[in-house]
Amino acid sequence: MADATHVDTIRTALLRRYLTMLSPAVVLFAVWAACRQAGLVQSLGLGNIDLVGKIVFISAIVLAVALPMFYRIRFVKSVEGSRNVSEEAFVPFQLTLMSLALLAPYVAAAGYIAAVSTFHFSGAFLAGLYGAYYYFPSDRRVAQEMRLFRVSRDNGDNRA
């Protein structure tokens, strides 16, 4: 079972990746919005903005929802039959899962910079918010995931 220090150690690694991935997207949004408000920049002059909007919308949803779900399913199948999962397998899984979802805010930022339609941008932005919210490595979430996968400090090769 996971003790508090074990959870905190894993959470620290996850939080570091979370902040490293999300901070540039937030700064990009803020700087572009400030520059746009000041009249320093205009939207990119892309040809078929309707097509770009659809690509942004779908890409953000795929990155925030679909890819993490498929990656999680793949991981679950790979550890199926194990009594527990090693920390060495769990941490990279969580880091990759979070990284996939945190690409959605970048897609939303690209949509904002390209000035896609409000509908497409709003959907992409909400997908980015979902990815950032759902995969935030809170103590409770990390502890729950560790309990779910029965994370241990050993090699995790205990087959049922």
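Using the Karplus equation 6.51 cos²θ - 1.76 cosθ + 1.60 (θ = phi - 60°), what ³J(HN,Hα) coupling, rounded to whole Hz, does each residue of region 5-21 give in order, writing x for Gly and Pro?
Working through the residues one at a time gives 5, 5, 4, 5, 5, 5, 4, 4, 5, 5, 5, 4, 5, 4, 5, 5, 7 Hz.
Averaged per residue, what accessible surface does the chain expose to a 1.4 Å probe, in Å²?
58 Å²
How far, in nm, would the chain grow between VAL91 and LYS77 when pulled straight, counting 0.36 nm per residue and subtracting the alpha carbon separation?
The VAL91-LYS77 span can extend by a further 3.4 nm.
For region 1-40 and region 43-113, compute the distance between their C-alpha centroids and round to whole Å.
So the two Cα centres are separated by 15 Å.
Which of PHE136, THR96, ILE55 sits closest to the plus end of the dipole of the chain, meaning its Cα is farthest towards the positive end, when Lys and Arg get +1 and Asp and Glu get -1 on the C-beta?
ILE55
On alpha carbon coordinates alone, what is the Rg over Rh value for region 5-143, Rh being the Kirkwood radius?
Result: Rg/Rh = 1.07.
Relative contact order of the chain: what whole-number percent is it, with Cα pairs under 8 angstrom and at least 6 residues apart?
This gives 40 percent for the chain.
Inverting the mean 1/r over all pairs of different Cα atoms, compute the Kirkwood radius of region 6-60 and quote it in Å.
Working: mean 1/r = 0.0704 Å⁻¹.
Kirkwood hydrodynamic radius for region 6-60: 14.2 Å.
Could you work out how far helix 49-61 tilts from the main Cα principal axis of the chain, as a 0 to 90 degree angle to the nearest 10?
For 49-61 against the chain, the angle is about 20 degrees.
Find me the longest stretch of the chain that has none of the exposed trypsin sites (Lys or Arg not before Pro), where exposed means in a DSSP loop (not H, G, I, E or B) with at most 13 other Cβ atoms within 10 Å. Intermediate results must be reported in sequence, preceding the final value.
Numbers: sites that count: ARG83, ARG153.
It runs 1-82.
Using a ≥ b ≥ c from the Cα gyration tensor of region 86-152 (square roots of the eigenvalues), is it rounded, prolate or oblate, where a/c under 1.5 gives rounded and otherwise the larger of a/b and b/c decides, a/b for prolate?
prolate
Return the long-range amide H neighbours of VAL151 (sequence gap of 5 or more, or a different chain), with a cut-off of under 5 Å between placed amide H atoms.
VAL85
Would you tell me the accessible area of TYR112, worked out with a 1.4 angstrom probe on the heavy atoms of the protein chains, in Å² to the nearest 10?
Taking all protein chains as shown, TYR112 has close to 50 Å².
Under a Cβ-only charge scheme (Lys and Arg +1, Asp and Glu -1), can you give me the dipole magnitude of region 31-160 about the Cα centre, in debye to the nearest 20?
220 debye
The values are calculated or read from the model by the stated rules, or taken from the named source; none is laboratory data. What you see is a predicted model, and the numbers here were worked out from it, not measured in a lab. For neighbour counting, all protein chains shown are included, and Cβ atoms are generated from backbone atoms with ideal geometry for every residue, glycine included. With ligands, DNA and RNA removed, areas are computed over all heavy atoms of the protein, side chains included. Shrake-Rupley method; radii C 1.70, N 1.55, O 1.52, S 1.80 Å.
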